[in-house]
Every structure is written in structure tokens, then in C-alpha cells.
Amino acid sequence: MISGLIKRVAAEWALHHHNKQNRRGVVSPDAQEYFVIPEALPPAVFQEALKELEVLNANWVRSHTEWRQGAAIGGHELRAGSQSIWLDYLMSDDFLIKVRRATGINDLQYVPVADTNRLSLLLYEGAGDGIDWHVDGSIYLGQRWAGILVLLEETSETQAKLELAPGEEPVTLPKAGIENSLVLFRGDHVRHRVRPMREDERRVVVSLLFTNWPQRTMNPFLLRYQSRVNSVFYNNPRP
């Protein structure tokens, strides 16, 4: 019991220090790895996801702030408004095992279902829509692994809009084959951005959140910050 308490306190302090440091641009050089997993969904499941985008068209929450220009559907709202097999597959052990095998991260697991960021939908469209270079905050005591599953990349460029900077130089990914690919990276350590969209371009992705220790912090300041982010993205302040 005492050893568990010591571990918890040490993890809380480390998380607090980490969030404080990454706001200053200080990240770990040992957490810069990223993975690209092609054909993340079986073909039939992927086609089912594309079909449902038409049904969900009226459910987007739009934000116009310094953080984000674009639209999103939070995880709670997405699951409540959908009964499609593609969401069931994304939440299944089969999908998680596939990601573990592709990355070698054997203790990877989803964050709790109470977190709307466990699975959400993001839309980028129209001139200027995107998000500038940043690293994410974290409210989990374990590693924070962000997953971006690309459903649509209807753009005029040969490179995908998502860029990572796992070091000094940004890395671009080829647009060819990026649809139905999962890009997995430590979002609170690897700087990343979505380059501004051009007129008549459209990009839709599933945002997924994983960790190796799904224990949420008790730090009220970190939870309050996450609540603000959720309000901006999803119009739902639950952290």
C-alpha cells in the first residue's frame, strides 16, 4: 500500500513537471518515436466509416478560436449518435492487438471510456483551417500516445497535411496511402501540426488516445485545462 502511494505521488509530480516543461517547449528526446500503420481498418469497416460521415454531417461542433479553426464531434456524442460497426471495431480487442503488434508496445491500452478524447472525430475544411505547431497536454500518469486515423485526405498536395517534428526537422508523410492509415506518436512530446487547408480541401480524421497506465491525475489545474480544451473542441467541458 505504501509503495503504491509513493508510486502515485511520484507519478503525479512527474506529470505536473512534464506539463509545465512542455509549455516551455521542453520535451524528452527519448519520446520522439512515431509509427505509421497502413490499412488500419479492414476494407469493409473502412467503407462503413466513410458512409457514416454523410449521416454525421449535421453533428459537427465548430470552433473559431486561436487554438482551432474547424469542427469536431466528441467521443460521447459520436458513440451516442452512431451504431455503426466501424466504432465497434475501433473499440475492440482485435484493433488494439493489431496496434500493439505493429508497434511493439505490448502494454498499450485505451484511456477510460469516460474521456471524450478516447475516440473523437475531427474535420478540417476550407482555406486556412488547420492547427499550428504544438505539443499536447496530458492528464494521465502513463505515457500519452495520440493516434490519428485518416478517413479522408481530399487535398491538392502530394504530402499529407499532418506533420511531425520528432527532432529538429519536420517530417512529412506521403499523401498516397495515408487514408485508412493510423499515425501513432507521443503527442505530448512530439511537436506536430496540421498545415492550413486550401479552398475546397477537406480532411477528416479519427483522433484516438492511448496510454500504458490509464490512471487520471488528481491535479485540479491539469483537469481544468483539459476541460477548457474539450469545451473549445467539442462544446463539452468534461475532462
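Each reported figure results from applying straightforward, stated rules to the coordinates on display, with no laboratory input. Values in this document were obtained by computation on a predicted structure and should not be read as measured data. Here the Cβ positions follow ideal geometry from the backbone for every residue, glycine too, while neighbour counts run over all protein chains shown.
What to note about this one:
- Calculated on alpha-carbon atoms, Rg and Dmax of region 142-239 in Å: 15.3, 45
- Distance histogram in 10 Å bins (all Cα pairs of the chain, percent per bin): 7, 32, 40, 18, 3, 0
- In Hz, Karplus ³J(HN,Hα) per residue of region 178-186 (6.51, -1.76, 1.60; θ = phi - 60°; x = Gly, Pro): 6, 5, 6, 10, 9, 9, 10, 7, 7
- Cross-link partners for LYS51 among the lysines, with Cα-Cα distance under 24 Å and sequence neighbours closer than 8 places in the same chain left out: LYS98, LYS161, LYS175.
- Label separation (ASN235 vs ALA114): 2.5 nm, computed from points 7 Å beyond Cα along the C-beta direction.
- Here the calculated FRET efficiency for LEU50 and ASP132, from their Cβ-Cβ distance with R0 = 35 Å, stands at 0.80, rounded to the nearest 0.05.
- For the pair ALA80 and ASP107, the difference between a 0.36 nm per residue extended length and the Cα-Cα distance amounts to 6.9 nm.
- Under-5 Å amide H pairs with TYR140, H placed in peptide plane, nonlocal only: THR217
- Distance in nm between pseudo-label sites at GLU39 and ARG23 (7 Å out along the Cβ direction from Cα): 4.5
- For the chain, the longest principal axis of the Cα atoms and the long axis of helix 93-103 meet at an angle of about 80 degrees.
- Taking each DSSP H run with n ≥ 4 as -39500 (n - 2.57) and averaging over every residue of the chain yields -9500 deg cm²/dmol at 222 nm.
- Label zone at VAL9, where the point sits 7 Å out along the Cα-to-Cβ direction: region 200-220 residues whose backbone N lies under 11 Å: none
- Residue exposure proxy: LEU5, LEU56, ordered by other Cβ atoms within 10 angstrom of their Cβ from fewest to most, comes out as LEU5, LEU56.
- Added length on full extension, which subtracts the Cα-Cα distance from 0.36 nm per residue, MET91 to THR158: 21.0 nm
- Taking 1.002 mPa s as the viscosity and 20 °C as the temperature, the Stokes-Einstein diffusion coefficient of region 107-186 based on its alpha-carbon Kirkwood radius rounds to 147 µm²/s.
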